[in-house]
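Visitor: Quick one: this structure, given as structure tokens, is what I'll be asking you about.
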Amino acid sequence: MNSVTAGITISSVNMEDRKNLGIKAGDTIRVHQKIEDKGKTRIQIFEGLVLARKHGAEAGATFTVRKVVDGIGVEKIFPLYSPRIDKIEIMRRSTVRRAKLYYIREKVAREIKRQMRRMRVMNISSESEIEMKVEREKKIAEESAAKAVEEARLKEIAEKAEAIVEVPAEAVATETVSNEPTKEEVK
């Protein structure tokens with residue numbers, strides 16, 4: 001993959017292959033980029049629409065790729081002959097009438113604003129397990145406190161009812177209840 005000119009290695013990238021790709025505005029491409037993480041090298045893929053291609057086929061040639069991630073537009077400018085780019089794949093080719101597609105940014109923004117008009121505001125959130133546990137414990141404590149207050153209130157009402165229902169002992173002793181008919185009932 002090295003470009004060799006008269007026995008001298010210029011780059012680790014095959015410049016002819018990259019030049020012959022013919023990347024142009026309107027292409028949907030997939031760029032395989034080498035990224036170093038903690039001493040290890042991995043490949044990260046960035047797939048999007050080519051907005052612009054600049055500086056022709058010279059050594060400093062670049063291309064701008066745009067993609068939308070979670071509703072946010074992300075653009076990256078890649079050097080065409082960068083050794084950090086492992087592979088470039090052209091996924092789709094579109095016919096466009098402009099060399100630079102910067103108007104796509106505003107077009108997408110207008111479309112998002114149009115969609116936002118139709119949206120409703122919702123109050124939905126997620127909680128971590130710790131927050132859920134704290135909420136659960138707080139709810140249990142509130143329920144037990146409410147239960148204790150209710151029991152105290154019922155006990156107080158029962159005591160008041162007993163005080164009202166209590167009949168003096170003298171009244172109970174003088175009145176006798178019998179099942180025998182009285183003299184008036186017999187006649």
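Here's the yes/no breakdown for (1) surrounded by 14 or more Cβ atoms within 10 Å (Cβ to Cβ); (2) modelled with pLDDT of 95 or more; (3) basic (K, R); (4) in a strand (DSSP E or B):
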residue	(1), (2), (3), (4)
V4	no, no, no, yes
T9	no, no, no, yes
N20	no, no, no, no
Q33	yes, no, no, yes
L49	yes, no, no, yes
G56	no, no, no, no
Y81	yes, no, no, no
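Visitor: State the number of residues belonging to the stretch 111-154 that are surrounded by 10 or more Cβ atoms within 10 Å (Cβ to Cβ), charged (D, E, K, R) and at pLDDT 75 or above.
Guide: 14
The values are calculated or read from the model by the stated rules, or taken from the named source; none is laboratory data. Given the structure is predicted, the values throughout are model-derived calculations rather than measurements. Neighbour counts are summed over all protein chains in view; Cβ atoms, including those assigned to glycine, are modelled from backbone coordinates with ideal geometry.
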